[in-house]
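The structure appears right after this line, and notes come after that.
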């Protein structure tokens with residue numbers, strides 16, 4: 001399908017992995033594993049349509065409330081993918097920078113090291129980016145910036161606060177404003193997803209559970225994005 005106006009920046013909230021696993025009589029680990037495999041496909045589809053900046057919400061700060069075995073299984077899966085030589089080779093082949101966004105001090109140290117290693121090894125690439133939100137929360141992001149700004153205002157006499165300055169203190173400062181947010185599984189809310197970057201995002205909600213999401217479903221989202229007229233308050 002020809003897409004004439006693809007978003008430059010696209011964000012994904014890949015919801016429904018656990019429900020997919022239950023519906024297939026599988027444990028939650030297999031649901032997450034299938035979800036990660038699907039995202040690898042998704043990133044390739046986006047590349048084909050000219051989407052060069054993808055942000056995926058992999059693990060929120062609220063997700064730390066989940067049972068320990070579930071968290072550990074997901075963290076182990078992320079570590080395995082980060083250490084996969086084929087995955088790193090693919091990032092190099094497509095000249096894709098991998099960017100970790102979140103409070104990685106909350107993660108197991110071995111996972112944090114594995115993710116940062118991929119980030120460093122792909123850091124030279126500029127044109128194509130995958131941002132992985134892990135240990136990230138939208139309110140936490142805003143509060144983090146506010147605390148640093150207040151501290152610097154006192155120490156350095158900062159008085160002229162504008163959007164550019166405030167953004168420079170955010171955990172997500174390297175992530176640009178999002179053109180299109182896709183959320184799967186029928187949930188129609190952002191749940192604290194990047195409140196700064198998504199202020200004027202177009203929102204698209206798919207009823208598909210994330211592991212069932214297909215290239216055709218992405219096409220439908222992109223076609224809907226083409227139809228919308230973005231006014232940015234005008």
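The values are calculated or read from the model by the stated rules, or taken from the named source; none is laboratory data. Being a predicted model, the structure only gives us computed values, none of them experimental. Cβ sites come from the backbone with ideal geometry, for glycine too, and all protein chains shown count toward neighbours.
Pairing residues of the stretch 188-205 that are free of Cβ contacts under 8 Å to residues at least 24 places away in the same chain with residues that are buried (at least 19 other Cβ atoms within 10 Å of the Cβ) and part of a strand (DSSP E or B), at Cβ distances under 7 Å and at least 6 apart in sequence or on separate chains, gives 203/181; 205/183.
Checking 75, 59, 29 one by one, the residue that is surrounded by 15 or more Cβ atoms within 10 Å (Cβ to Cβ) and part of a strand (DSSP E or B) is 59 and no other. A single entry from 164, 174 fulfils the requirement of being at pLDDT 95 or above and surrounded by fewer than 18 Cβ atoms within 10 Å (Cβ to Cβ): 174.
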